[in-house]
Each structure stands twice: as C-alpha cells, then as structure tokens.
Amino acid sequence: MFCSLLFLSLCVFYSDQRSTPEDDSYIAAVVEYQVSANSAVNLENYVRLIQDAGEQGADIVVFPEMTLTRGNSVTIPMNSTVREFPVPALHPELYDEVLVSISAAARQNEIYVVINIQEIVNCITNPNDEYCPQLNLYYFNTNVVFDRNGTIIDRYRKINLFGEFTRTPALRPDLGIFETDFGVTFGHFICFDLMFQVPAVQVVQRHNITDVVFTTMWFSEMPYLTAVEIQQAYAQTMNVNFLAAGANNVLVGSAGSGIYSGSAGALISIMPGQPTTRVLVSKVPKVPGQLMPQDTYPGPIYDDPAAMDNLVLITDPSLPSHVTRLLRNGSQEFTLIDKDVVCHFRVNLAQREGEMNYRYRAAAFSGVRSFSGMATGGNRVCSVIACTGESIDTCGRRFENYISNTTGIFEELRIIATLPTPRKDNELDADRSAYFPVTLNTEIMPLRSDDYTFQQLSILNIVSIYDFLLTNTNVELYTFAIWGREYTTDAQLASPPSNQHDSAETTTTTTTTPTPTTAQPGSSTTHRINFILFIGSIIIYLR
C-alpha cells in the first residue's frame, strides 16, 4: 500500500540568534523520517528539512540511521581530501553529491548537521588513505557531522552491527566526539551501539560528555526496549541530554524520536504508529535535567492510540527465562530472586475482569539474553510487565486492537532491587554494568518523569539498592522495570527457559529462590551478601 510522505513541523518558532558558549541552553532538532526508496528524493527532502530546522532557530539537526543513501555508498576521505578541502560545498568536484548538498545546506542555514550514510573504503586502489588491515572493499555504517560552515568535522563508524551482513564493524573502536561553537561537546553513536559498553557508556564516562547524538533505525521490542522507552531511560541513567533521530517504517516496528534531558525526561518526543516525517525542536538546558523555569518545552506528542496497532512489534525472547509470579487483585508483598538479582515487590492492584484486560507478572532475571539472534548480552531485571493472558508466553505482547481501560489500576507499585554495584573497567574507563528505569504505557510511550521516582543507594560498594516507585496511579501501565545490562557476560550463550512460572498465589508474602541454571564465579557468596544487605534495605525503605 502506498503511503504518502507527510511533512509536519512543530509549530514553535525561536529567535534566529545563534546560541553562544555563555548561554545556559541551546536549540536542537531531530528528524523522524519516513524513508523513500529513491536516494535523490531523500536528499531533496533532507535539504528542505535542514532549512525547516534552521528557520526554527536550531543550532543542530540530527537525521536517522540509513534513511539517506538507501544502499548507495559514499566515500569520506578524512585523511586526505577532507584535511585539505574540508568544505564539500566549496569543492563539489572532489566529493559525492550527498556530501556536497548537505554541506551547502548546513552552510546556507548556519546549522550543525548530523547524517548517517553507508560509507565505502577502497583499500584495493587507495590503501594509504585509510587504515586497511586487508586489501578489500569495506562498507561501514557511518555518521558524518558538518558544522555551520558546511565543514566536515567528524566521522563515526558503527561498532555494533545489528545484522547488516554486507557491512563491516568499525575496524577500530574509535569514539565519535565533536565540539560546537555554542560551548557543547557531543558524543555520537548509532542504533544498536546503545546496547553496549563501547561506545554508549564509554563515550560519556571517559570524556565527561553531557550531550549525546543518536542516529537510529530501531526495531522496537516489548516490553523493555521500545524506541522512546529506552531513549528516555538511557538519558536518565547516564544523566545526559540525548538527541535521538529515528527512521520511520511502522511495518517493521521502526519509529520513535525525541530530545531528552537527564532526569527531566522528554523535552519533546514522538512514537508514531503511522508513516510520518516530522521535525522535533526544543530548547535544551546545558546542565541535563535542570530545566529553566522561564522556558517552555513541548513534551511528549501522542499519536492516536488506535494507530499504534499498525506498529509491528517484536517480543523479548528472554521472557521465558525470567523467574516470574502472576499478580492477583489486592495487596501483596513478596520477593523474587534469580542468582545475584533480588527483587522485592509491594503491589496493590485492582484488576478489571474480562478477556480483553491485561494481566501482570512480576519478574526477576539474571542471565544472558539474545538480541533477535544478532548478538547476546548480559541482562539483570526486576520488573512488572503486562500480559494478554495468565501464562508467561502471553507477556510482552499487546492486544491486536487498542481498547482503553484494559489495564489494571496500581494503587501501589514499588520495586526495590538489590543488584551488584557497577564496577569500573579501568582500561575502558567505563562501568561494566548499567541499570535503567524502563517504563511503558499501552500507547507505547514511556511514563513522564514525574509519574515515578527512581533512587539508588550503594552499600559498601558491593551491592546497590534501587528504589523504583510509581507515583501516578492513573497511568495505563504496561511496563515498570529496573532493566540492567551486564557487559561482562556479552557473547555468552543465552540463558535457558526457567521453570519458575507459578500460578496465582494465596499468600501475602512469598519468596521464590530458583536454583541457578549455570555456575558463576563467586555467585553464591554474592547471593548471600545480597540477601543479608537486602533484608537491611527492606527494613530501611519500608518503615
């Protein structure tokens, strides 16, 4: 079915004056872009969207992953031509038309521009221009950054490919970093990179980065990894301003863009369930999370909830490996433990009756998960997730058609997780694990930052207590989770299914302690320490 391209712009206009290093904020734009199969049409659209962002006063505009060149390849001679003639618009005979046109648009509109392309490196004919471990043709998934003058100032090659079998991961794990004339230094990376220590954690912690650019063609996964859900959670955990531009193709679950500021959440975001091209613009405080009271921010933009039925979503394949318990009506307090993860739940749930109403499971998980068969990664989770039925195989799914008032009413929901404290990898200068406050409603959008509180307390630098409290009882809740990545177990085999999936309980307090499926060095010692400290933490938190 043919879907016409919709050009929609946020009806907010800003001063033409550029932001300066002395300003306490800058203006950013990200583009949710529905790709065309015609590269010439995409290029024309990009130029128009750059102008659109410039007219709204943006200092920087970010485009999504792989929505410009559509399989065509571009050469970026960073070590030769770019050094001598860094402005493609002034030397069109030396560069591909894509770089020339974007350079000219950046120059004309005096705006920083970040695009993503397929880059080609010919190590057969030009082995001295680039790092060439072999005499091959290399194809990379690459970000290119232009300054206000149209100068190419940075290039970053994707390190963690999601399939992309014709492309090569970056030959060296170089981080993407660029400075601006308004006093902000940005890190940048691409899509699946978000899931990994290098670069998503390293670029922030090693270089004290407070602002990150993210180009993506995300394939949203229920219940923890839909696009805007994890974008907002990353910004909060890393305490950064996060500029995320998403490709739009609802038939494969690709949608979702936004600008986020630390614990303040979404300054503006969108998760459309229909074909959409849209420029999102917002003022961004230079100190993440510290919004200026005199400024206004657009906030989340909600699509028609019924339109979200068009968005084809996948489900986390690790859910059968979770230790879970079905929630029942009324008050309940219990603990789930999986190896080094201890999850304590306090719940007061009023569930609606009927076939078209969600049921909920509490879950704990410590193991290794698969990312759609493309890679595996360590995962630690304490969560409450919605299910279309009572069995675990119905979790992480939506009803085919959106109907309001199908969720339970959580008069109380609190998760207290006892987890190993993230340790620093001194060589990488980055934590070996990270924990994210992940939330979702039935409209496939995260909760607003004032709908919950998320606090952390480290004890003896051995374990950390994460206290996650729902404060808005009116939300149509789908996911409420402390979702963690344990990078040290990446590339190991995915954990087998768990046999700890029970039926509805009749007791008020239950502790479920499964036998670990795999032996881990020091796991029993860690488990004992966790449990002792966990008991103390419960006394402190639940008085």
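List of remarks:
- Expected 222 nm ellipticity per residue - DSSP helices of 4 or more, -39500 (n - 2.57), all of the chain, to 500: -4000 deg cm²/dmol
- Among G367, T388, I409 - extreme Cα towards positive end, dipole of segment 350-422, charges at beta-carbon: G367
- Distance histogram for the chain (every C-alpha pair counted, 10 angstrom bins, percent rounded to whole numbers): 4, 19, 29, 25, 15, 7, 1, 0
- Couplings for segment 299-314, taken from phi via the Karplus curve 6.51 cos²θ - 1.76 cosθ + 1.60 with θ = phi - 60°, read x, x, 10, 9, 7, 4, x, 5, 5, 5, 5, 6, 7, 7, 10, 9 Hz in order; Gly and Pro are left as x.
- Using alpha-carbon coordinates, inclination of helix 523-541 to the longest axis of the chain, degrees: 80
- Contour minus Cα-Cα distance for Q492 and N208 (0.36 nm per residue): 99.2 nm
- A Förster radius of 35 Å combined with the Cβ-Cβ distance from R18 to Q134 puts the calculated FRET efficiency at roughly 0.20.
- Relative contact order of segment 47-195, defined on C-alpha pairs under 8 angstrom at six or more residues apart (%): 21
- Protection proxy ranking, peptides 317-326, 177-186, 359-368, average beta carbon neighbours within 10 Å, highest first: 359-368, 317-326, 177-186
- The packing ranking, built from the mean of other Cβ atoms within 10 Å per residue, places the peptides 404-414, 377-387, 120-130 in the order 377-387, 404-414, 120-130, highest first.
- Remark: relative contact order (the chain) = 13 percent; criterion is Cα-Cα distance under 8 angstrom and separation of 6 or more residues.
- Percent carbon-and-sulfur accessible area, segment 80-202, ignoring ligands, DNA and RNA, probe 1.4 Å: 47
- Anisotropy class of segment 43-114 from Cα gyration tensor, a/c 1.5 cut: oblate
- In segment 8-137, the ratio of gyration radius to Kirkwood radius, Rg to Rh, stands at 1.02 when only Cα atoms are counted.
- Applying a DSSP loop filter and a limit of 16 other Cβ atoms within 10 Å to the GluC sites (Glu not before Pro) in segment 293-364 leaves E353, E355.
- J(HN,Hα) series, segment 414-431, from Karplus relation 6.51 cos²θ - 1.76 cosθ + 1.60, nearest Hz, glycine and proline x: 9, 10, 10, 10, 9, 9, x, 5, x, 9, 7, 8, 5, 5, 8, 6, 8, 5
- 0 to 90° range, to nearest 10: angle between helix 97-109 axis and the chain longest Cα axis: 90
- Cα gyration tensor, segment 223-291 - rounded (a/c under 1.5), prolate or oblate: oblate
- The length gained by stretching the chain between T471 and N310 to full extension, at 0.36 nm per residue less their Cα-Cα distance, is 54.9 nm.
- Angle of helix 227-238 to the longest C-alpha principal axis of the chain, folded into 0 to 90 degrees and rounded to 10: 90°.
- Net charge, L171 excluded, C-beta distance under 14 Å - Lys, Arg +1, Asp, Glu -1: +1
- Computed with a 1.4 Å probe over protein heavy atoms only, the accessible surface of the chain comes to 39 Å² per residue.
- Extension gain, D502 back to F399 (0.36 nm per residue minus Cα-Cα distance, nm): 34.8 nm
- Residues listed by number, segment 109-130, amide nitrogen under 19 Å from T168 label point at 7 Å toward C-beta: 117-130
- 29 Å Cα cut-off, lysine pairs counted over the chain (separation 8 or more, or different chains): 5
- Across segment 315-336, no residue has a backbone nitrogen under 12 Å from the label position 7 Å along the beta-carbon direction of M356.
- When peptides 211-219, 63-71 are sorted by average Cβ neighbour count within 10 Å, with the highest value leading, the order is 211-219, 63-71.
- Relative contact order (percent, whole number), segment 320-397, Cα cutoff 8 Å, 6+ residue spacing: 28
- Coarse-grained scattering of segment 139-197 at q = 0.22, 0.24 Å⁻¹, given as base-10 log I(q)/I(0) from a Debye sum over alpha-carbon atoms: -0.88, -0.98
The values are calculated or read from the model by the stated rules, or taken from the named source; none is laboratory data. Quick caveat: nothing in here was measured; it's all calculated off a predicted structure. Counting neighbours? That spans all protein chains shown, and the Cβs are built from the backbone with ideal geometry, glycine included. Side chains included, ligands, DNA and RNA excluded: accessible areas come from the protein's heavy atoms. Shrake-Rupley method; radii C 1.70, N 1.55, O 1.52, S 1.80 Å.
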